[in-house]
Every structure is written in C-alpha cells, then in structure tokens.
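A.B. asks: Have a look at this one before I ask anything.
The values are calculated or read from the model by the stated rules, or taken from the named source; none is laboratory data. In this text the structure is predicted, and so the values were computed from the model without any measurement. Quick reminder, even Gly has a Cβ in these numbers, built from the backbone with ideal geometry, and neighbours come from all protein chains shown.
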Amino acid sequence: MNKLETAHDLQTRLSVILQTIEREFTPLTEEQLRWKPTVGRSSPGWSIVECLQHLNLAERYYIRNLQHKVDTLGLLQTQPADQVLESDWIGKVMLHIVDPQAKMKLPAPGIIRPRRAADLDPAAVLEQFNELQTLLHTLLDKAVYLDWNQEKVASLFGQWLKIRLGDTFRMLVAHTERHLNQAMRVKAEMNTFVKIQS
C-alpha cells in the first residue's frame, strides 16, 4: 500500500462520509438525533448525536496533532515523494480495534466519551463534525509531504504510545466509518420503533 494512493482513497471515503451525514442525518429533528435504542438492552446504546460527538472528540484530539505536523513543513516540495506504508504492532492493533467489520467492542476512553444526548446541541455537533471531516480531508493534501512511516503522533492513551502518521490517518477514517455504521443502525432501529408504535 502506497502513501499517495492511500491518501486519495481516504479523501474519497471522507467525501462519502460527508455525503452520508448530509443525506441521512441533517434532515432529522433534534428529538430523532437524541433518540436512544433501549428495546432488549440492559442499558441504552448511544444516540446518533452521541455517536457523532464521540467522533468529534477523537478527531479534535488527533487533528490538532496532525495540524502541528503539517504546520512544521514550511516550504513545500513541488512533488511529494511516494512511499510504501509500513505498520508497526501499535498501528496494527489500533486499526484492528476500530475496523468497521470488527465485532470487538471496547469502552471509549473517558476523554472521548460523549455527554448525555440531552446535554448536547445536535445542530452544533453536526456542524463541528462536518468542519472536522473537511479539515481532515484538507490536511491530507499537505500531509503527503511528510514521511508517514517515520513521523508519529501521540495516541489518546498518552505520549508514551505513539502511532505512525499513516496508521493515524487510516485509523481516523476507519473509526469514523465504524461509528457512522453504528449511527445508521440507530436510525434503522428508530424507524422500526416508530412504525411499531404507530
């Protein structure tokens, strides 16, 4: 897997994410965005707005670090050098955990656990989500000038656990896709619940 091809693929996936948000969630009411699935559960799952706020908290942390890396570039070369991407064990574990197809569920670290849906402003959460995803899309344009195997950013677990740049970008997009799928399941459950009630 090469850096330039991966960057292009990630930007394409980010565009799909933004289109999905616009199509599936922007038309919903605040009440719908806050609705939580409870049937057959010991505790309610996250609402759509909580899924998106969780992503906002994680993205904000990593994007701040990525932005700092990009800002240190100074004058850009005319053509970014391509490279074959390599993952170390940390990257492989992180990518496995956030894989949208993975069945494993781990509790979100406190720093990126969303507040209750009732305490969130759905319009503000959606706006911030769109801003962060758009910024990540833009950052990828400049980040290709960095070495994705050598450059690292601190993980949410602390400065001692750092993730390679290539793994960080791939992890962020996969993590967003994972929770977007979760939000879509919530929407489907909500629609089924409404039909049963009516």
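A.B. asks: Starting from segment 107-118, keep only residues that are hydroxyl-bearing (S, T, Y), then list their pairs with residues that are at pLDDT 85 or above and surrounded by fewer than 11 Cβ atoms within 10 Å (Cβ to Cβ) whose Cβ atoms are within a distance under 6 Å, requiring at least 6 positions of separation or different chains.
C.D. replies: The qualifying pairs do not exist here.
A.B. asks: Moving to a separate point now. I'd like to check something: does segment 123-145 contain any residue that is farther than 23 Å from S15 by Cβ and modelled with pLDDT under 95?
C.D. replies: no
A.B. asks: Taking segment 33-60 on its own, how many of its residues are out of contact with any Ser or Thr (no Cβ under 9 Å at 6 or more places or on another chain) and modelled with pLDDT of 85 or more?
C.D. replies: Residues flagged as out of contact with any Ser or Thr (no Cβ under 9 Å at 6 or more places or on another chain) and modelled with pLDDT of 85 or more within segment 33-60 amount to 12.
A.B. asks: Considering only residues that are farther than 25 Å from D71 by Cα and either touching a residue at least 40 places away in the same chain (Cβ under 8 Å) or under 18 Å from the mean Cα position of the chain (by Cα) (or both), which ones fall in segment 120-150?
C.D. replies: Answer for segment 120-150, where residues must be farther than 25 Å from D71 by Cα and either touching a residue at least 40 places away in the same chain (Cβ under 8 Å) or under 18 Å from the mean Cα position of the chain (by Cα) (or both): L120, P122, A123, A124, V125, L126.
A.B. asks: Quick one: in segment 121-175, of everything that is of a type in the set (S, T, Y) and not in a helix (DSSP H, G or I), which residue is surrounded by the fewest Cβ atoms within 10 Å (Cβ to Cβ)?
C.D. replies: By that ranking, first place goes to Y145.
One line per residue, one yes/no per condition, for (1) among the β-branched types (V, I, T); (2) surrounded by 16 or more Cβ atoms within 10 Å (Cβ to Cβ); (3) in contact with a helix residue (DSSP H, G or I) (Cβ under 6 Å, 6 or more places away or on another chain); (4) assigned to a helix (DSSP H, G or I):
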| residue | (1), (2), (3), (4) |
| --- | --- |
| A58 | no, yes, yes, yes |
| R64 | no, no, no, yes |
| H68 | no, no, no, yes |
| D82 | no, no, yes, no |
| S87 | no, yes, yes, no |
| G91 | no, yes, yes, yes |
| I97 | yes, no, no, yes |
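A.B. asks: Please find, within segment 100-119, the residue that is surrounded by the most Cβ atoms within 10 Å (Cβ to Cβ) out of those that are over 17 Å from the mean Cα position of the chain (by Cα) and either at pLDDT 95 or above or part of a helix (DSSP H, G or I) (or both).
C.D. replies: Per the stated criteria, the residue is A117.
A.B. asks: When you go through (1) modelled with pLDDT of 90 or more; (2) closer than 25 Å to W46 by Cβ one by one for L156, which number turns out not to apply?
C.D. replies: The number of the failed condition is (1).
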